[in-house]
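Data block below; observations after.
The values are calculated or read from the model by the stated rules, or taken from the named source; none is laboratory data. Not measured: the values here are computed from a predicted model. With ideal geometry, Cβ positions are generated from the backbone for all residues, glycine too; neighbour counts draw on all protein chains shown.
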Amino acid sequence: MEQRIITHSHNYKDLDDWIKTNGCKKLLMVCDGSIAYQEAFNNHLDEIIKTGVEIIRFQDFQSNPLYENVVNGVRLCRAKNCDSIIAVGGGSAIDVAKCIKLYGNLLGDGENGSWLNAEYVENNIPFLAMPTTAGTGSEATRYAVIYYEGKKQSITSESFIPKTVLMDPDTLKTLPDYHKKATMCDALCHAIESYWSVNSTDESKEYSKKAIQAVMEHMEGYLNNTENGRGGMLRAANMAGKAINISQTTAGHAMCYKITSLFGCAHGHAAILCDRVLFPWMVKNTDKCIDPRGEEYMKKTLDEIGQAMGCKNASEGAVKLVQIFDDLGLEVPVATDEQFEELKTSVNPVRLKNHPIALDVETIDRLYHDVL
Ligand SMILES: [Fe+2]
């Protein structure tokens, strides 16, 4: 499915057209706290309401959204007879909206986790996403993460990928500095990990390459808050999302989750902490390649990542990644011996299977000692 990207230009004309074309009368708007800062967009919502379209807000979810949050969203959607859904926010808001769409026409009320294992029935509820961070790429993937009874649930469905994405560079204007840096690192790590993933394809690599190049091109403008930089980073994050939608992420992401939970770093911060150590380690360990395409292929792949970053080869690319991390001034947490023990057994082996170079527990332990 080709995803349509629309912009905010001409006072959100494309959004108005989307509403008209889809005949939306009652719009469920799943949004997080960032909506409060979207001045131009909020003003435009008032205009939309004046045309007789009802906008029903759903904001009642947390940053690691719960299954119950989604159930409440579906209840509201049904009670108000909503005919369309738009998501405005970061990865969590988009994931919640995706699940509301997916569960919207299932039977029952979702009690006791019943929708988690239900057979999905595709529906045509018009669904648009407007990301307000340039990072997760959730608007481009068939994955959503919610929690049920304390356990992470990865919900997967092609059918809930929004067909239309509204990219409004203004949404990133007021993003706090740390959040801005961390989300950009998340997008960059998605693109890099996707490129070297054992599941990569020509198509995913094309997306990754373009995403890496776009992150490099727009990093300065984005960090200096130019409109061009913000727009470029939104596109980069979306392309990186399209890349991981095909290839999934690898060891860097598998290793970063525990760092987030132990030290409270943002997800993208934790991801680059890991990838800045993994990349140079991989360059030196291509002989342990488990990608069926072989060691020579892997060397070439790593070189191509370096080249997409504007460097001569993989080794220079790996140095550049460390440089980017250092220049951003992101903190390196300090771990205790107990925390290192916990970290080394925390890595999900399923995700490690996507990684092209073999990793055992001892290696993971050594890498964590370099990461932190
Ligand atoms: Fe990520």
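Summary table
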{"read-out": "Matching option when the condition is in contact with a helix residue (DSSP H, G or I) (Cβ under 8 Å, 6 or more places away or on another chain) and closer than 24 Å to residue 136 by Cα, among 15, 66", "value": "15"}
{"read-out": "Selection status of residue 340, surrounded by fewer than 17 Cβ atoms within 10 Å (Cβ to Cβ), of a type outside the set (Val, Ile, Thr), in a helix (DSSP H, G or I) and assigned by TED's automatic domain parsing to the domain that holds residue 244", "value": "yes"}
{"read-out": "Number of positions in the stretch 278-292 that are surrounded by 15 or more Cβ atoms within 10 Å (Cβ to Cβ) and acidic (Asp, Glu)", "value": "1"}
{"read-out": "Tally, over the stretch 23-43, of residues that are of a type outside the set (Val, Ile, Thr), assigned to a strand (DSSP E or B) and under 15 Å from residue 129 (Cα atoms)", "value": "4"}
{"read-out": "Listing of helices (runs of 4 or more DSSP H) fully contained in the stretch 246-308 that carry 1 or more residues being within 16 Å of the ligand (Cβ to nearest atom)", "value": "251-263, 267-284"}
{"read-out": "Total residues in the stretch 183-205, condition within 15 Å of the ligand (Cβ to nearest atom) and either of a type in the set (S, T, N, Q) or outside any helix (DSSP H, G or I) (or both)", "value": "3"}
{"read-out": "Residue that is farthest from the ligand (Cβ to nearest atom), among those in the stretch 172-182 that are in contact with a helix residue (DSSP H, G or I) (Cβ under 6 Å, 6 or more places away or on another chain) and of a type outside the set (Lys, Arg)", "value": "174"}
{"read-out": "Identity of the residue in the stretch 116-160, in a helix (DSSP H, G or I) and away from the ligand (no atom under 16 Å from the Cβ), that ends up surrounded by the fewest Cβ atoms within 10 Å (Cβ to Cβ)", "value": "158"}
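Yes/no matrix, rows are residues, columns are (1) within 26 Å of the chain's Cα centre (by Cα); (2) closer than 28 Å to residue 178 by Cβ:
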position: 302; (1), (2): yes, no
position: 310; (1), (2): yes, yes
position: 313; (1), (2): no, no
position: 318; (1), (2): yes, yes
position: 328; (1), (2): yes, yes
position: 331; (1), (2): yes, yes
position: 335; (1), (2): no, yes
position: 339; (1), (2): no, yes
position: 350; (1), (2): yes, no
